[in-house]
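Visitor: Okay, handing you the structure first.
The values are calculated or read from the model by the stated rules, or taken from the named source; none is laboratory data. Owing to the predicted nature of the structure, the values given are computational and were not obtained by experimental measurement. Note that we place each Cβ from the backbone using ideal geometry, even for glycine, and neighbour counts take in every protein chain shown.
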Amino acid sequence: MRTTSTKHIANPTLFKEQILYWSQQFSETIILDSNVESNENQLYKSYDLIVAVDAFTSIQTDYEKAFEDLYQYQSKANDWLFGYLAYDLKNDVEHLQSQNFDGLGFSDLYFFQPKKIFLLKDSTLEIQYLNMCDDEIDSDFDEIIQSQMSNVKCQKLSINIQQRISKENYIKKVEKTLSHIHRGDIYEANFCMEFFANNALIEPSEIYQKLNKISDSPFAVYFKKNKQYLLSASPERYLKKDNEKVISQPIKGTAKRNTDSNIDEQNKIALNSNPKERSENIMIVDLVRNDLSQTATKGSVKVEELCEIYTFKQVHQMISTVVSSVSHTTSPIEILRTTFPMGSMTGAPKISAMKIIEDLEETKRGLYSGAVGYFTPSGNFDFNVVIRSILYNSENQYLSFSVGSAITAEAIPENEYEECLLKAKAMFEVLQVN
């Protein structure tokens, strides 16, 4: 079904720029960058860079029976598939709804079978083309390595970013969340707010490059579907299936970086010993263990890492790694369906938390806090969590990025607000907004 060719890449960093530039000609493009140079300690890496372009077939649907439709599509394709699961697929999994404002208009689920795939590991590039276009491999490769990013300096952006929820209103909503916690309705909820801009004119590939450069995150994504874009610097893996092993790596717990190495180390130590941050993380680990147990073989759910501190360019993060084993007969779609949406973006108990945050938030999350990734022909998969990301619809010129934090019984509303601003810092920086 696919023709494979192998090439040597002398300068992988330059190649990333060249293939990003080359890929702009296609209506469907996805680039998944592990930024391996900055994330050497990241567990369960597969490829340094994956690029897929030009849909041969695709599926796009709203939440109704979405996982059932995806099962049919993935089963029949028996090929590489790339795409996303938006947060509001929760309405397919549970009896929930989403009534909030949506300025972006992304569908709830989208996957495509690409004609052309590039898989980079170290300096070896594996190219896989559908047989229908395999005569284009060499000419495309020559075109890529001769590509040059535009030398035209982009104009200073004029974007008026607004905050959907004011600081005063945010604090009131967190206090309301705390009242739910004190009543025993929930233990934890991930409450999010949106920053947005109308009439926003950006060059998405340039913004992605800037965001990726200042973040160097292990699950970076550039995604384009016609006029819709995701520019992501996500540090978080949602779920990976590697044969019979399933891996989840929830993030809960954030601390500032500092240019002073002594202060930076102190911030890291303080995060590691912070009882609130640890309790946040452990609550979600318990939720993930429960989710994974629905498809796991008996006794196979294990916590490989608990509250480990990982350092990224913008922040320190507390990450845990939870794994399970599944039977070879278990559908990959069932593993996703029984764990979606990811616990780190909802709360505990999950259904109660989702109902409460839906009432408190003022924007439909859509692709934000959903997942982007791929299926392999053998049924393995790897998906990130869509956070630290800019979403853009070039047709209506609507730009959006959201941030959130976990609210637990110990939460101080003003501190949670500051954590949200910390997480938004990179997006403000690349959009040149002071």
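Visitor: Considering only strands (runs of 3 or more DSSP E) fully contained in segment 281-391, which possess at least 1 residues that are polar (S, T, N, Q) and over 22 Å from Leu421 (Cβ atoms)? Even if it seems obvious, please write down each step before you answer.
Guide: Working: elements: 302-311, 315-325, 371-375, 381-384.
Hits in segment 281-391: 315-325, 381-384.
Visitor: Separate question: Which residue is surrounded by the fewest Cβ atoms within 10 Å (Cβ to Cβ), if the candidates are limited to segment 57-94 and must be in a strand (DSSP E or B) and among the hydroxyl-bearing types (Ser, Thr, Tyr)? Before you say what the answer is, go through the steps one by one.
Guide: In the first step, residues of segment 57-94 are kept if they are in a strand (DSSP E or B); the result is 57-61, 81-85.
So of that shortlist, the ones also among the hydroxyl-bearing types (Ser, Thr, Tyr) come out as 57-58, 61, 84.
Values: Thr57: 14, Ser58: 16, Thr61: 19, Tyr84: 25.
For segment 57-94, the residue satisfying everything is Thr57.
Visitor: Output the residue which, of all residues in segment 392-414 that are of a type in the set (Ser, Thr, Tyr) and assigned to a loop (DSSP other than H, G, I, E, B), is farthest from Met283 (Cα to Cα). Steps first, please.
Guide: Within segment 392-414, the subset of a type in the set (Ser, Thr, Tyr) is 392, 394, 398, 400, 402, 405, 408.
Of the ones still in play, those that are also assigned to a loop (DSSP other than H, G, I, E, B) are 394, 408.
Details: Ser394: 39, Thr408: 10 Å.
Among those residues, the one meeting the criterion is Ser394.
Visitor: Here is a further query. Please go through segment 36-66 and give me each residue that is at pLDDT 95 or above and either among the basic types (Lys, Arg) or farther than 25 Å from Met1 by Cβ (or both), ordered by number.
Guide: In the first step, residues of segment 36-66 are kept if they are at pLDDT 95 or above; the result is 47-66.
Within segment 36-66, Asp62, Tyr63, Glu64, Lys65, Ala66 qualify.
Visitor: In segment 43-61, which residues are in contact with a strand residue (DSSP E or B) (Cβ under 8 Å, 6 or more places away or on another chain) and of a type outside the set (Val, Ile, Thr)? Spell out how you get there, then give the answer.
Guide: Going through segment 43-61, the residues in contact with a strand residue (DSSP E or B) (Cβ under 8 Å, 6 or more places away or on another chain) turn out to be 43-44, 46-61.
Leu43, Tyr44, Ser46, Tyr47, Asp48, Leu49, Ala52, Asp54, Ala55, Phe56, Ser58, Gln60, listed by residue number.
Visitor: Among (1) surrounded by 15 or more Cβ atoms within 10 Å (Cβ to Cβ); (2) touching a Gly at 6+ places or on another chain (Cβ under 8 Å), where does Ser389 come up short?
Guide: Looking at each condition in turn, Ser389 falls short on (2).
Visitor: Do we find that Gln209 is under 21 Å from the mean Cα position of the chain (by Cα) and not in a strand (DSSP E or B) in this structure? Show your work before the answer.
Guide: Numbers: under 21 Å from the mean Cα position of the chain (by Cα): yes; not in a strand (DSSP E or B): yes.
Taking the combined requirement at face value, the residue satisfies it.
Visitor: Give the residue that is surrounded by the most Cβ atoms within 10 Å (Cβ to Cβ), with candidates limited to residues of segment 146-167 that are modelled with pLDDT of 95 or more and hydrophobic (A, V, I, L, M, F, W, C).
Guide: We begin by selecting, within segment 146-167, every residue modelled with pLDDT of 95 or more; these are 161-167.
Add one more test, that the residue is hydrophobic (A, V, I, L, M, F, W, C), and what stays is 161, 165.
Values: Ile161: 17, Ile165: 21.
Out of the qualifying residues, it is Ile165.
Visitor: Then there's this: Which number in (1) on the phi < 0 side of the Ramachandran plot; (2) out of contact with any strand residue (DSSP E or B) (no Cβ under 8 Å at 6 or more places or on another chain); (3) of a type in the set (Gly, Ala, Ser) marks the one condition that Gly299 misses?
Guide: If we test Gly299 against (1) on the phi < 0 side of the Ramachandran plot; (2) out of contact with any strand residue (DSSP E or B) (no Cβ under 8 Å at 6 or more places or on another chain); (3) of a type in the set (Gly, Ala, Ser), just (1) comes out false.
Visitor: What residue, among those in segment 205-224 that are of a type in the set (D, E, K, R) and in contact with a Ser or Thr (Cβ under 7 Å, 6 or more places away or on another chain), is surrounded by the fewest Cβ atoms within 10 Å (Cβ to Cβ)? It would help to see each step written out before you state the result.
Guide: Kept after step one, since they are of a type in the set (D, E, K, R), are these residues of segment 205-224: 206, 210, 213, 216, 224.
If we keep only those that are in contact with a Ser or Thr (Cβ under 7 Å, 6 or more places away or on another chain) too, we end up with 216, 224.
On the way: Asp216: 19, Lys224: 23.
Looking at the filtered set, the residue picked out is Asp216.
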